[in-house]
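Report on the following structure.
The values are calculated or read from the model by the stated rules, or taken from the named source; none is laboratory data. Just so you know, these numbers come straight off a predicted model, no measurement behind them. Note that each Cβ is placed from the backbone with ideal geometry, even for glycine, and that neighbours are counted across all protein chains shown.
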Amino acid sequence: MPNFIEISRRKLTDLYLGQSLSSYQIAKILSCSQNTIMDRLERFKIKTRTIQEGKALNPKPRFARKDFDGTDGDKAYLIGFRLGDLHIRKTHPKSPTIQISTNSTRQEQIELMKRLFNAYGHVKITGPDKQGATNVRCYLNNSFEFLVQKSEKVKSWILKSKKCSLAFLAGYIDAEGSFGITNRNQPFFSMKSQDKEIMSSIQSQILPLFKIQTKLHFVRAAGSIMNGIRSNKDVFGIFVYNRKNLERILTPLLPLLKHSKRKNDALKVFNLINNVRT
């Protein structure tokens, strides 16, 4: 292939940056070598991509992927779970890949990630590291674009549907909530988060759908440390101890919880409430 090509800086910038073509693709278009294109990029001082950025633009991923085909309820659950516990990014705006990741010391969390995303793409698990945390990365296609943006509020389409509101709540609880029984045999539901707007929507718009009236509590200030973790923002909490309210929320919620520990703990609370009644 010839080493000399007629191409302007503007044209090469458009092909490489504007159209996000690879140096190999541009070389094929111009009938020259890939090295020639790389040399011209350097001569024109056009910033080249990193290896990872280049991989992100590969239209043919190594592992097969499948479009998201769930219901609106499934979508609402994933959004709730994402807001609480997942890191999601696209390595490049035109990338065909959405990367979902989390670190966890809990096997239940790792298994849940596999169940949620294994049917749609490649799930890579590494670790545990020195701190005992395992990293889970899922590589999905752009049908999961709805998870990329981390909204500070619950989407209006979710709040307009009781079914989707409950599914969203299940996802958020699987990430941030807990059920338990105190030493005095008192069942409870607890959820704490730095997402004040989301917590406020749950407290004022979602829980009342199930006739549950509760308050949004200030838990601790930004900068405080709990269990070795520093809070970047103020932390707020929702707490339910009333057995009637616990039954009202657990009856429709139990079938939607997917985190095995969260579901087992919720079942213990539910069974305690019913045993006391009988």
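In region 83-113, what count of residues is obtained for those that are within 25 Å of Lys192 (Cα to Cα) and not β-branched (Val, Ile, Thr)? Final tally of qualifying residues: 16. When region 218-243 is limited to residues that are of a type outside the set (Val, Ile, Thr) and outside any loop (DSSP other than H, G, I, E, B), the one that is surrounded by the fewest Cβ atoms within 10 Å (Cβ to Cβ) turns out to be Arg230.
Within region 186-230, which residues are within 21 Å of Lys261 (Cβ to Cβ), among the aliphatic types (A, V, I, L, M) and touching a Leu at 6+ places or on another chain (Cβ under 8 Å)?
The one that is within 21 Å of Lys261 (Cβ to Cβ), among the aliphatic types (A, V, I, L, M) and touching a Leu at 6+ places or on another chain (Cβ under 8 Å): Ile202.
Going by the structure shown, is Leu246 modelled with pLDDT of 95 or more and crowded, with 16+ Cβ neighbours inside 10 Å? For Leu246, the condition - modelled with pLDDT of 95 or more and crowded, with 16+ Cβ neighbours inside 10 Å - is met.
Please give the number of the condition Val148 fails out of (1) at pLDDT 95 or above; (2) among the aliphatic types (A, V, I, L, M); (3) farther than 28 Å from Phe239 by Cα. Tallying (1) at pLDDT 95 or above; (2) among the aliphatic types (A, V, I, L, M); (3) farther than 28 Å from Phe239 by Cα, Val148 fails exactly one: (1).
Scanning region 85-104 for residues that are modelled with pLDDT of 85 or more and out of contact with any Pro (no Cβ under 7 Å at 6 or more places or on another chain) yields Leu86, His87, Ile88, Arg89, Ile98, Gln99, Ile100, Ser101, Thr102, Asn103, Ser104.
When region 225-250 is filtered for residues that are free of Cβ contacts under 8 Å to residues at least 12 places away in the same chain and over 16 Å from Gln203 (Cβ atoms), the ones remaining, listed by number, are Ile225, Met226, Asn227, Gly228, Ile229, Arg230, Lys244. Restricting the first residue to region 115-144 and requiring it to be closer than 19 Å to Arg89 by Cα and without any contact (Cβ under 8 Å) to a residue 24 or more places away in the chain, which pairs with a second residue that is part of a strand (DSSP E or B) and not acidic (Asp, Glu) meet a Cβ separation below 6 Å and a spacing of at least six or different chains? Listed by first residue and then by second, the contacts come to Phe117/Val123; Phe117/Cys138; Val123/Cys138; Lys124/Arg137; Ile125/Val136; Thr126/Asn135. For region 16-29, the candidate set comprises residues that are surrounded by 19 or more Cβ atoms within 10 Å (Cβ to Cβ) and either not in a helix (DSSP H, G or I) or not aromatic (Phe, Trp, Tyr) (or both); within that set, the residue that is farthest from the chain's Cα centre (by Cα) is Ala27. For region 43-57, a residue qualifies if it is under 38 Å from the mean Cα position of the chain (by Cα) and at pLDDT 85 or above, and the qualifying residues are Lys45, Ile46, Lys47, Thr48. When residues in region 194-217 are screened for being surrounded by 20 or more Cβ atoms within 10 Å (Cβ to Cβ) and modelled with pLDDT under 95, 1 of them pass.
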